[in-house]
Amino acid sequence: MAAPEVHHLFHNPIADHSFSADRRTLAIARDTTVELYAKAGNTFKLIDELKGHDKTVTSVDIAPSSGRIVSCSQDRNALVWEPSPQGYKPTLVLLRINRAATFVRWSPSETKFAVGSGDRLIAVCYFEEENDWWVSKHLKKPIRSTITTLAWHPNSVLLAAGSTDAHARVFSSFIKGVDARPEPTAWGERLPFNTVCGEYMNNSAGWIHSVSFSPSGDALAFAAHDSSITVVYPSAPEQPPKAVLTINTQLLPFMSLIWNGEAEIIAAGYDCEAFRFQGGAEGWQLTGAVETKSRPGLGDQREESALNMFKQMDLKGKAKDDTQLKTVHQNTVTMLRPFETSGASVKKFSSTGVDGRVVIWTV
Amino acid sequence: MSIIREHTAATLSDAWRTINIDALDPDSSSNFDVSTLHPPQPEITEADVRQLASQVRQLLRGGDAEGALRSCLEAPVYNAADALAAELALQTVTEVLQSIKASEMTPMLRGIYAAPGGSEGLDVLMKYLYKGMAATSSASGGSAPRTPTRMTPQPTGLSQFSGRPGASAESTGGAMSVLLSWHEKVVEVAGLGCIGRVMTDWRRV
């Protein structure tokens, strides 16, 4: 396995990150700005700062084909940044929420995006040609608490959402005039706006940190604060699911997860590194860490001489320097994203976290 | 005083910040019962707990400590009808824990963890451990007149934990040391995830 590509951008937490389709531009949500980095040789260099929010930016997403960037913030606003020769031009979106916006993602069709919020609703936003602005429709029922995470189904109509009320839900966000009528799936056949296609929770009712549809869209995985991941296989519309599999782990909770094909899930969180889960509708299990701990040049680069040992004991009162974690990330990983894919499988994925590092991993 | 000045004085004050706007929103979490978010748990009465306790004691007398522990963990008392039932359940689990030798702990826990649904079982055990610690510490604190006699270790069961002399003399300290050594062993087997789950879980013993 190739060594991971590590970019230590700064010493601040990264709330969210997103790569452009050509993987040469990187958008980072840092504090109240969205920072744009461009690949220069082997490193990423800051090229632009998108300033428009006046509170912490919570999430950012680049649409792969149009290049539009959407960002949302605790100031209750979402902005769409349109690329133009003079730079990025922001457009305010009418979200109509009175709590922080927490999470935003473009639909695969790029005609809509969804914003989760602390206002117990999801704003599904689309562009209204005649008024020339972005408007939103609210998914409200039966959400009882803050939305923490969202994920789109490949058909751009179904939307999965995780919430602090411990439920992962699948909604229809069908908007007439914007979406084509979707093919019936195992989640539902007729899908008017705000149809609840599924509502799931795990045994101990932990907050949901991350949701994700499998590449085919026929399975849903979510990670919760009870250190578990749960995979749901729906059977048919209005029917109980074929299988709901919960894997409790001995690890700390996972903050983010992505699918690699239909039979592997990669999840990372408070343990500061990514882990693999493998399985299918019959069962899932944790198979190990993505990171190999025996990589050369990690941790043991300091000379282990007697002189050094006594020096350490004199300076710090101990012989070993144990302030470094053995993992590449030195703090919680909060976001995983596929970086390079071929078909349904992920070749490389990127991770960011509280330590200000962007790491690109080869699977 | 002109109307305009009165108006600005009212709007510039910070009084509006103290308005609890959640109380005005019919959908907010302060206006619905949070327990409705979860499926309800069946209520367990004192008689049910007594039945379980006698079953467990029978297993203990027969020398099947693992079976006794398993049957405690398979039937956690989540929704006890009254405080007495909850306390009785805790007492039963503590009795089982105190009767198991230190050397048998880890193999037994590994066995339970490897069995189907075992991770859940150890989570339940962890819940009882924390509850036991809360009970013993508040009892030894002396402020609340709890019933420390309930936690008295069995004279036969504690001898193997005599890491420090005189541990059995002070009953609550002895019970606590049993719970702490179990806690250590459970974390060894079920990991830190187990502690996280106990803190997250809405089902309390």
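The values are calculated or read from the model by the stated rules, or taken from the named source; none is laboratory data. What you see is a predicted model; the values in this text were computed from it and never measured. All Cβ positions, even for glycine, are placed from backbone atoms using ideal geometry, and neighbour counts span all protein chains on display. Just the protein is used for accessible areas: all its heavy atoms, side chains included, with ligands, DNA and RNA removed. Shrake-Rupley method; radii C 1.70, N 1.55, O 1.52, S 1.80 Å.
One table, with the values for the structure above:
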| read-out | value |
| --- | --- |
| Residue count for region A:179-207, restricted to those that are within 14 Å of chain B (Cβ to nearest Cβ) and within 21 Å of A:ALA236 (Cα to Cα) | 4 |
| Qualifying positions in region A:240-286 - among the β-branched types (Val, Ile, Thr) and within 14 Å of another protein chain (Cβ to nearest Cβ) | A:VAL244, A:THR246, A:ILE247, A:THR249 |
| Of all residues in region A:1-42 being under 15 Å from the mean Cα position of the chain (by Cα) and among the β-branched types (Val, Ile, Thr), the one that is nearest to A:LYS89 (Cα to Cα) | A:ILE28 |
| Residue match in region A:340-352 (condition: assigned to a loop (DSSP other than H, G, I, E, B), surrounded by 11 or more Cβ atoms within 10 Å (Cβ to Cβ) and modelled with pLDDT under 90) | no |
| Condition check for A:SER117: within 20 Å of A:SER18 (Cβ to Cβ), crowded, with 23+ Cβ neighbours inside 10 Å and within 14 Å of chain B (Cβ to nearest Cβ) | yes |
| Residue under evaluation A:ASN98, criteria (1) part of a strand (DSSP E or B); (2) open to solvent by 70 Å² or more (accessible area, probe 1.4 Å), criterion not met | (1) |
| Pairs with Cβ under 6 Å, 6+ apart, first in region A:58-73 and closer than 19 Å to A:PRO85 by Cβ, second in a strand (DSSP E or B) and of a type in the set (Gly, Ala, Ser) | A:ILE62/A:SER18; A:ILE62/A:ALA27; A:ILE69/A:ALA27 |
| Boolean, B:MET151 is hydrophobic (A, V, I, L, M, F, W, C) and modelled with pLDDT under 85 | yes |
| Matching residues, region A:123-156, being away from every other protein chain (no Cβ under 14 Å), hydrophobic (A, V, I, L, M, F, W, C) and open to solvent by less than 40 Å² (accessible area, probe 1.4 Å) | A:ALA123, A:VAL124, A:CYS125, A:TRP134, A:VAL135, A:LEU150, A:ALA151, A:TRP152 |
| Matching residues in region A:239-267 - criterion: being in contact with a His (Cβ under 8 Å, 6 or more places away or on another chain) and not in a loop (DSSP other than H, G, I, E, B) | A:PHE254, A:MET255, A:SER256 |
| Search result, residues across region A:268-279 that are in a strand (DSSP E or B), touching an Asp or Glu at 6+ places or on another chain (Cβ under 8 Å) and open to solvent by 10 Å² or more (accessible area, probe 1.4 Å) | A:ARG276, A:GLN278 |
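Yes/no matrix, rows are residues, columns are (1) modelled with pLDDT of 95 or more; (2) over 30 Å from B:ALA190 (Cβ atoms); (3) away from every other protein chain (no Cβ under 14 Å):
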residue	(1), (2), (3)
A:PHE171	yes, yes, yes
A:GLY177	no, yes, yes
A:PRO215	yes, yes, yes
A:ALA224	yes, no, no
